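Inspection log for the structure reproduced underneath, given as structure tokens.
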Amino acid sequence: MTSTKVQMYMQCFLALVIIVIIIIWALLPLKIELKKKNTSASISKLDPGNGEVSSSSPLNSTRVGRKWSVLLVYTGFFGEQEWFGINEDCKSPQLNGSCSKDLFNVTYDKGRFLESDYVLFHGRDMPSTSHMRMIWKKKPSSQFWIYHIMESPKATPDTRPLDGMFDITMTYRVDSDIRRSYGWYEEIPLKDQKNVLQEDFSVGKTKLVSWMVSNCNAQLRKLFVHELQKYIAVDVFGMCSREFGQPKSCPKESCKDIIKKYKFYLSFENVLCKDYITEKYWLHLGDENIVPVVMGGADYSKLAIPGSYINVLDFNTVKDLADYLHYLDQNITAYNEYFKWRKRYRMGGEWSVLCQFCEKGSSLTGLQLKHNQDLTDFWVRQGKCDEKDQLVRKMWTA
């Protein structure tokens, strides 16, 4: 082979190498870009805070064949992050049998958003509206969003931006999909009811009416107590006591002993909303041996323990109520009637959020759920928070 041919072959080979290098150099940015896109797509399937989930994604494919439901707790509870609790078996007379934690896989990992059957949000810890809209676009069609709130509609952030997003409500309201009450009671089985002599619960009680209050913004109940004090002694404790000329405190460690000296306790709710009965009633049915005088928007005859309370709305005027309390103070037999309920009923124990979810959650698929319901209509308009205010005002203005 002549030297001329060798040089020609070498030149062709070098030219070919140069062409290959140029092609690789040109395609390298495109390859990197495709890799980025593929990585982003993978992330979006795991983390709802990144990217978009395409309609062709295999949504909910992880649910096929499993016997449990995944419950994603998406928000905290007044800032507390892992608040929902994962108990052992939940057993309660309100349940048909028991509800095992094995039926629900509770997680706080937002990376499991797409595989979750239920996603729970606390109404006082909601993400921003823009964030809610972003994850709403990724919501699988078979996934249920739960709106959970125990505060009244008056103390709830604006729900209008959330209309159409939620499928399930979990509140204190009786008509919620899942009702989470502040307290509950049960009837004692007849065989366990004891015919014992009635105790005199007035023994050791040297004072009449007590009230502990720290929310000074609720004006209606303050006006009521100012009027009530014209006819009967009311000792006020807490942050608002100075407004009544009584700077009294009730230290946590000794407050129960202080309250025990009184015959009556004002269990006045800060707002009069439908079904809203809080710990102000339920926590004063124990060994304080005190009669709650209730004021609220709920139907106490249906939700509270029969015979355990005095309802201000059963009286025409504030003076009529005060006169009745004076009567009970002087009539031991009549006063003790308000404790007879203990022979027939008993308070329920502490019931975790998981157990209250479990009561209905295990059968939610059989309910006629209000998909994409109008949350504002349910929570605010149907909450009827001002319906009974005027009835209370008429007790001293009529």
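Quick note: the coordinates plus some simple rules give every number you see, no bench work behind them. Please read these numbers as outputs of a predicted model, since none were measured by experiment. Glycine also receives a Cβ, built like all others from the backbone with ideal geometry; neighbour counts cover every protein chain displayed.
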Restrict the search to the range 226-260; then list the GluC sites (Glu not before Pro) that DSSP places in a loop and that have at most 16 other Cβ atoms within 10 Å of their Cβ. E253
Per-pair calculated FRET efficiency, R0 = 30 Å: M347 and H226 via Cβ, rounded to 0.05: 0.40
For the range 189-231 and the range 277-341, what is the centre-to-centre distance using only Cα atoms, to the nearest Å? 6
Output row, site D377, 7 Å Cα→C-beta label point, backbone N cut-off 11 Å, window the range 141-175, residues 164
On the formula 1/(1 + (r/R0)^6), with r taken between the Cβ atoms of A218 and K137 and R0 of 56 Å, the FRET efficiency rounded to 0.05 is 0.90
Cα-based shape type of the range 289-359, given that a ≥ b ≥ c are square roots of the gyration tensor eigenvalues and the cut on a/c is 1.5: oblate
Computed label-point distance, nm, for sites K340 and V203 using a 7 Å Cα→Cβ extension: 2.1
Is the shape of the range 106-257 best called rounded, prolate or oblate, per the rule: a/c under 1.5 gives rounded, else a/b larger than b/c gives prolate, else oblate, with a ≥ b ≥ c the square roots of the Cα gyration tensor eigenvalues? oblate
Order by protection proxy (mean Cβ within 10 Å, highest first), peptides 307-319, 170-182: 170-182, 307-319
Where the Cα atoms of the range 193-291 are projected onto their three principal axes, how long is each span, largest first, in whole Å? 45, 33, 30
Gyration tensor verdict on the range 224-265 (Cα atoms; rounded if a/c is under 1.5, prolate if a/b is larger than b/c, oblate otherwise): oblate
For V294, distant residues with modelled amide H under 5 Å away: S267, I310, N311, V312
Relative contact order as a percentage, the range 180-322, C-alpha pairs under 8 Å and 6+ apart, gives 23
Rounded FRET efficiency, nearest 0.05, which uses the C-beta distance separating F77 from K194 and R0 of 41 Å: 0.55
Anything over 26 Å Cα to Cα? Flag those among K194/K319; K207/K230; K207/K280; K191/K261; K230/K252; K230/K388, in the order listed. K194/K319; K191/K261; K230/K252
So if I place +1 on the C-beta of Lys and Arg and -1 on the C-beta of Asp and Glu, and nothing else carries charge, what would the dipole magnitude of the range 144-220 be about its Cα centre? I want it in debye, nearest 20. 300
Taking 0.36 nm per residue of separation between E387 and S301 and subtracting their Cα-Cα distance, the length gained on full extension comes to 29.2 nm
